[in-house]
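Some notes on the structure that comes next.
The values are calculated or read from the model by the stated rules, or taken from the named source; none is laboratory data. All values reported here derive from a predicted model rather than from experimental measurement. Every residue, glycine among them, receives a Cβ derived from its backbone with ideal geometry; neighbour counts consider all protein chains shown. Accessible surface is based on the protein model in full, side chains and every heavy atom, while ligands, DNA and RNA are left aside. Shrake-Rupley method; radii C 1.70, N 1.55, O 1.52, S 1.80 Å.
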Amino acid sequence: VDAIAGKMWLENISGKDKIFYTTGRLTSEMIIKVAQMEVPILLSRSGITHMGLDLAKQLNITLLSRVKNKHFLVYNGEENLDYDAPLPAKADIANIVKKGN
């Protein structure tokens, strides 16, 4: 994160139209650094800490974790996402979770 932040700063690259992808856990420190880079969307293959989620909500960072293939969990900022397929109804989601799909 620090190397990317430094390159962006040195080359005057705006983060406002970027998505930051990492394989590590989304901690409060990660959220702070992404916010400083003005990157609005953060996603990871790993999970998120409680403090990271609290900060993402305060700083309005769209946060996705457990990203793998077409599957992911949205923890914050769902209104900022535009899905290319309609989401199932909440009742359908409950049935999917119960079946373990």
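When N69 is tested against (1) exposed (fewer than 13 other Cβ atoms within 10 Å of the Cβ); (2) under 27 Å from K7 (Cβ atoms), only condition (2) is not met. Condition first: in a helix (DSSP H, G or I), of a type in the set (V, I, T) and either open to solvent by less than 100 Å² (accessible area, probe 1.4 Å) or modelled with pLDDT under 90 (or both). Can you find one or more residues in segment 46-55 that meet it? No, segment 46-55 has no match at all.
Cβ-Cβ contacts under 6 Å between residues 6 or more apart (or on different chains), taken from a first residue in segment 64-87 that is modelled with pLDDT of 80 or more to a second residue that is among the basic types (K, R), are listed as V67/R45; L73/R66; N76/K57.
Of the residues making up segment 56-66, those that are under 13 Å from the mean Cα position of the chain (by Cα) and either open to solvent by less than 30 Å² (accessible area, probe 1.4 Å) or of a type in the set (S, T, N, Q) (or both) number 7. Scanning segment 10-37 for residues that are open to solvent by 100 Å² or more (accessible area, probe 1.4 Å) and in a loop (DSSP other than H, G, I, E, B) yields a total of 5.
The sole residue among L43, L10 that is within 11 Å of the chain's Cα centre (by Cα) and of a type in the set (A, V, I, L, M) is L43.
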